[in-house]
Amino acid sequence: MTGSAECPANFTYVPGTHSCYFLSDFQADWTESRAWCLRAGADLAVFESNNEYVAAKGAFDPIDAWIGLRDIIGNNNGWKWVRTENTPLFTAWKRREPSSTRERCAMILSRGTWNDARCKFQYNFLCEYQLY
Ligand SMILES: [Ca+2]
């Protein structure tokens, strides 16, 4: 798949979404990952529907990657998307996740489910640039 003229450099338009995505080929902690996306005029990926999530994850090789979901309260009480600050309308947590109050940042696992992990850990990350 090639990029769209409307996408930032190195971002890929994903049919079935309204967005362009960038999966990093390097690792950073969650905060650094978000900062990288913001500098590109994007943000970490926000999935507003299961359809969007399925389309986006299907466009990239499976990999562990940060997404734009974090627990702003702790104790698994404050999961909010970045950009919208909405509570997720749907989730794809792996069985027994989210698991720990010390793990306040969410990632896609290579099998397609989500895990909460310590925000200071280093993973690849998925940015999203919303077209409209
Ligand atoms: Ca976990």
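Across region 112-129, the qualifying residues are those that are at pLDDT 95 or above and within 26 Å of A9 (Cα to Cα), and the one among them that is nearest to the ligand (Cβ to nearest atom) is Y123. Any residue in region 90-111 that is more than 16 Å from the ligand (Cβ to nearest atom) and assigned to a loop (DSSP other than H, G, I, E, B)? The answer is yes; a qualifying residue exists. State yes or no: is F90 over 15 Å from K120 (Cα atoms), out of contact with any Cys (no Cβ under 6 Å at 6 or more places or on another chain) and surrounded by fewer than 12 Cβ atoms within 10 Å (Cβ to Cβ)? Yes; evaluated as a whole, the condition is true for this residue. Residues of region 61-68 include none that is in a strand (DSSP E or B), away from the ligand (no atom under 15 Å from the Cβ), touching a Gly at 6+ places or on another chain (Cβ under 8 Å) and not β-branched (V, I, T).
Residue pairs whose Cβ atoms lie under 6 Å apart, separated by 6 or more positions or on different chains, with the first residue in region 109-120 and at positive phi and the second surrounded by 12 or more Cβ atoms within 10 Å (Cβ to Cβ) and not polar (S, T, N, Q), are G112/K57.
Every residue, every condition in (1) under 17 Å from Q130 (Cβ atoms); (2) at pLDDT 95 or above; (3) basic (K, R); (4) surrounded by 15 or more Cβ atoms within 10 Å (Cβ to Cβ), yes or no:
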| site | (1), (2), (3), (4) |
| --- | --- |
| T2 | no, no, no, no |
| W30 | no, yes, no, yes |
| A45 | yes, yes, no, yes |
| I72 | no, yes, no, no |
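The values are calculated or read from the model by the stated rules, or taken from the named source; none is laboratory data. From a predicted model like this one, the values you see are computed outputs, not experimental measurements. Ideal geometry is used to build each Cβ from the backbone, glycine not excepted, and the neighbour counts take in all protein chains shown.
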